[in-house]
Every structure is written in structure tokens, then in C-alpha cells.
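These notes concern the structure reproduced below.
No value in this document is a laboratory result; all are computed from the given coordinates. Predicted model only: the values in this text are computed from it and were never measured. Here the Cβ is made from the backbone with ideal geometry for all residues, glycine too, and neighbour counts use every protein chain on show.
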Amino acid sequence: MTEFPKNFLWGGATAANQVEGGYNEGGKGLSVTDITTAGSLTKPRYLTYTLDGKKGKVAGMFASSFPTGAKGKIFPDEYYPNHKAVDFYHHYKEDIKLFAEMGFKVYRMSIAWSRIFPNGEEAEPNKEGIEFYRNVFKELRKYNIEPLVTISHYEDPLYLAQKYHDWQDRRMIGDYVRYATTLFKEYKGLVKYWLTFNEINSTIAFLEFMGNNITDEDVQKAYQKLHYQFVASARAVKAAHAIDPEYVVGCMIAGSVSYPGTPDPKDILENRHAWEKNAFYCGDVQCKGEYPTFAHRLWNEHNVKLDITEQDRKDLKEGTVDMYTFSYYSTSLVTTHKIDEKMKGNFTSGQKNPYLKYSQWGWSTDPTGLQYYLEVIYDRYHLPIMVVENGLGAVDKVEDGAIHDHYRIDYLRQHIEAMKKAIGNGVDLRGYTTWGCIDLISAGTGQMSKRYGFIYVDRDDSGEGSLKRIPKDSFYWYKKVIDTNGEDLGE
């Protein structure tokens with residue numbers, strides 16, 4: 001029988017901007033997320049700004065959405081859910097104790113860049129920010145929980161994002177590497193596992209949602225941003241290994257799994273090209289250290305001309321990652337034919353798969369897709385793998401002080417079984433951190449009602465609530481899963 005490895009890293013994952021709060025405490029500067037309003041399933045999130053003395057707002061998550069000359073600004077008549085989030089900033093000891101009660105071996109978290117360097121380019125780091133994360137890591141170590149730290153998780157300082165137009169300037173590389181190097185030095189001995197950029201391929205994925213409005217300039221900016229981030233990641237990997245050879249640094253890819261919509265050979269080829277763009281493009285550069293041959297096809301489709309130097313190529317080759325990590329939630333279909341029934345949901349588009357069930361937010365449940373992705377990726381890169389995001393966003397109801405989230409247990413059980421099958425087929429899978437192990441602010445919609453956690457947080461979509469923590473049924477189920485190293489998956 002297939003078993004999980006004895007030292008398998010079971011745990012959960014969050015991001016600083018979605019749990020921390022304390023956006024203006026402890027010397028923290030503003031990040032792009034701090035000027036992002038709440039949205040919903042049908043309403044986008046907006047970035048708020050001032051231009052020519054007038055208030056403005058634009059749909060999006062990145063500073064690249066700003067009109068020319070706009071400056072991000074917070075307005076008192078807008079609601080910014082990430083300002084307080086679930087207040088991990090003041091509740092981290094309580095939350096980590098709950099993680100320990102579940103038996104976590106690892107906790108994936110991110111660091112807010114603007115908490116370390118408020119504007120992103122100060123001569124010295126913010127001491128209060130440094131000490132906050134040092135205390136978090138010490139608290140984790142107290143319970144023998146391994147930190148897995150994402151250096152950049154949609155958390156660019158607002159000042160830098162505006163100055164360099166969302167990574168459209170080479171100088172951003174130096175600021176990122178100096179920030180990452182500061183972390184590597186400050187937390188040596190406390191942190192072993194690092195991830196350079198969260199879902200780095202999302203820059204390409206967001207192009208898909210622009211539809212027919214996409215321009216060659218949009219594509220040029222997306223691929224240029226990615227190139228500068230690839231170089232920044234590679235230089236960070238080299239810096240990490242120089243500071244501590246024991247550091248393990250990984251990439252983090254949004255696991256994009258698609259199938260051909262029909263047996264038409266054109267759909268088969270279209271799907272192949274979708275995999276190349278959405279999964280292999282970033283993975284090849286970060287794991288193999290060079291651009292794949294199909295990159296030229298992607299660039300030529302939109303006349304992309306990268307600013308790339310010989311030193312960049314050298315850095316990419318020398319700064320390949322030590323492990324491959326990814327997020328996985330759902331799958332999609334790719335077709336060249338007219339679509340009869342489309343998916344409806346945030347960050348979803350295209351043809352609906354008649355063989356799968358869909359969540360309220362339009363995401364399919366497809367554990368087989370996880371097994372498929374694991375086997376394809378391991379065969380391509382032969383690197384240790386971690387699944388660092390996976391979970392079900394759903395509306396939870398409190399009934400007599402309890403939350404009976406059997407639907408979440410069912411979702412996770414199926415995906416754990418799929419991981420076990422992949423391990424049986426030879427995949428070197430080292431860890432699994434479910435997304436939003438404690439309820440948090442949804443990145444896509446800014447809602448609290450789209451809940452993922454094992455731990456319920458009393459807060460609603462308008463920011464009201466006591467912030468009281470309540471373990472759900474899934475909390476006790478996951479504790480049993482960890483206790484048995486994935487053997488007992490029953491409720």
C-alpha cells in the first residue's frame with residue numbers, strides 16, 4: 001500500500017496581506033493591497049487613487065492597472081478589508097497554538113515587504129517589522145512547526161509599485177534582492193524553506209481575463225515583468241545559498257490544469273499550447289534556468305521584445321530553485337469550438353466540464369487533476385514537490401457554536417487520496433499546506449464569507465465581528481489525518 005513519507009510536512013498556508021491586518025502599525029508602509037477595496041462574486045475589487053486632485057478607482061490587483069500619473073490613496077468612504085483582515089498581527093500566538101493543536105509540521109506564511117522596508121528602498125530595514133516576524137518564527141519553533149516563507153505574495157510596497165510601474169523597471173530587481181537578502185540574514189537558523197514569488201505565472205493568467213481587449217503592449221508588460229521577477233528570483237536563490245547552504249528555496253506556480261474540450265486534433269494542440277504558456281513557461285525558467293523553445297512562439301504572437309542581458313541569462317542558469325511548489329484548486333477545458341455552457345466565477349472562464357461539480361464561486365472539484373499535475377510536473381523537472389495551496393472556499397454556518405463543514409472535509413479527503421496515488425506512481429512529494437488554514441480575506445473577492453479555514457473567524461464581509469476563533473469539524477478531522485500521517489481520512 002502507498003503511504004506518505006514518514007517526515008511528510010502536513011500543515012496550512014496563509015498570506016500576510018490576507019490575515020495580518022495592522023496595516024499602519026509597527027512602522028509598516030502601504031502595500032498595493034492596502035488601497036484595494038472589497039468586492040464580491042459579481043463585483044470586482046478596485047484600486048483607489050487620486051489623479052489631478054480627483055478620486056478615482058480602477059478594477060484590478062496590481063499597480064499596472066493605474067492610469068498614467070495616478071497615485072494610490074486610501075479614502076475614508078471606502079472599505080478596505082485587508083487593513084484589519086483577521087488581525088493575525090495581534091492574535092498570532094493564539095493562532096499558532098491552534099495550528100499546533102492540529103499537529104502542524106509546517107506553516108506556510110508570507111512576509112509583508114512594506115513591513116520590512118516601508119517604501120521598499122530604505123537604507124535600513126524597519127526594526128519593528130524585523131522583530132515581529134522573528135517573534136512569529138520563534139513561536140512556531142516553540143511548537144516544532146517549520147516555517148515555509150513566501151518572500152513576495154502579492155505584497156509589493158505601493159511606493160515601489162508606482163515608481164517602477166509594477167515591475168516595468170530593471171531597478172526593481174535590486175530592491176527585491178536586497179529585501180530577500182535581509183530576510184536570509186535576519187532569520188538564519190529560524191527559517192529553512194523559502195519561496196521567492198507566489199504564483200509567479202499569474203501575470204500570464206490575468207491576460208486571459210482581458211479577452212479581446214488585450215493589446216501587444218499589455219502582453220509586452222506582462223512578459224517583461226515576469227523576466228525581471230525571474231532574474232530577481234534567481235539572484236535571491238544564489239544569495240540564499242551563499243548565506244546558508246542549508247536553505248531550500250522554491251518557486252511557486254499556480255497549478256493550471258486544462259484538458260482538451262473535444263477530441264478534435266486542433267483542441268489537443270490548443271491544450272498543449274495552454275500548458276506551455278500557463279505551467280511550463282515559468283517552471284522551465286525557474287527549474288531549468290533558461291527559456292524554453294516555445295517561448296519564442298509566445299513572444300512572437302504579440303511582438304514581445306524582452307529587455308534581457310547576458311548577465312540575466314547567467315543568473316537564470318546559476319539561480320535555479322531547489323524545489324517546485326504550486327497551488328491547486330480546479331481545472332478547465334480548452335477548445336477551438338463555440339462554447340455552449342461557460343463557467344461563472346471569479347478567476348474562472350471558458351467551457352464548463354460536464355463531468356465535474358462546481359462550487360458557488362465557479363471552481364470545479366477535480367482531485368484527478370491534482371494527481372495528473374503532480375505526475376506531469378515531477379516527470380518534467382525531477383525536483384522535490386510541495387502542494388502549498390489547496391482548499392475549498394465555501395459559506396460556513398455557525399450552529400450552536402459549531403461549524404459542520406463536511407463539504408470541506410470531503411474536498412480535502414479526495415485531494416489527499418489523489419496525492420497518495422501520485423506518490424505511489426513515483427512522485428517525490430514532501431509536503432501539503434491547505435489554503436487558508438484559518439479563515440482569511442479572499443484575494444479574488446475581498447470577502448470573508450468565502451471561507452477556507454479549519455478555524456472559523458467571527459468577521460463578516462463588512463468587517464463586523466468579534467474576531468473570535470472557533471475550530472470547525474474539519475479542524476478535528478485534519479488533526480486525525482496528521483496524527484495518522486494520512487492513513488485515516490474518515491470523518
Using only the Cα atoms of region 211-336, what are the Rg and Dmax in Å?
16.2, 52
Counting just the Cα atoms, what span does region 284-410 cover along each of its three principal axes? Round to the nearest Å and put the largest first.
63, 39, 26
Sequence-distant or interchain residues sharing an amide H contact under 5 Å with E146, placed H: which?
V106, Y107
Tell me what the chain gives for mean residue ellipticity at 222 nm when only DSSP H runs of n ≥ 4 count, each as -39,500 (n - 2.57), the sum divided by the residue total, rounded to 500 deg cm²/dmol.
-11000 deg cm²/dmol
Under the rule rounded for a/c under 1.5, else prolate if a/b exceeds b/c, else oblate, using alpha carbon gyration tensor axes a ≥ b ≥ c, region 273-323 is classed as oblate
Would you kindly give the portion of the calculated P(r) for region 383-491 that falls above 20 Å, as a percent of all Cα pairs?
42
Taking the square root of 5λ for each eigenvalue of the C-alpha gyration tensor of the chain, the equivalent ellipsoid has semi-axes, largest first and in whole angstrom, of 29, 28, 25
When DSSP beta bridges are limited to those with both residues in region 368-491, what percentage is antiparallel, rounded to the nearest 5?
55
Output ordering of 42-52, 79-89, 277-287, 186-196 (per-residue mean of other Cβ within 10 Å, highest first) is 277-287, 79-89, 186-196, 42-52
Give me the percent of DSSP beta bridges within the chain that run antiparallel, rounded to the nearest 5.
35
The answer for the net charge of residues other than H382 whose Cβ lies under 14 angstrom from its Cβ, with Lys and Arg +1 and Asp and Glu -1, is -2
If the only charges are +1 at each Lys and Arg Cβ and -1 at each Asp and Glu Cβ, what is the size of the charge dipole of the chain around the Cα centre, to the nearest 20 debye?
400
Burial ranking of peptide ranges 410-423, 476-489 (average Cβ count within 10 Å, highest at the top):
410-423, 476-489
Net lengthening on full extension, V395/R380 (0.36 nm per residue, minus Cα-Cα)
1.7 nm
Computed label-point distance, nm, for sites K305 and E464 using a 7 Å Cα→Cβ extension:
5.7
Which three extents, in whole angstrom, do the alpha-carbon atoms of region 16-69 cover along their principal axes, largest first?
31, 30, 17
In whole Å, what are the extents of region 1-118 along the principal axes defined by its C-alpha atoms, from largest to smallest?
64, 35, 25
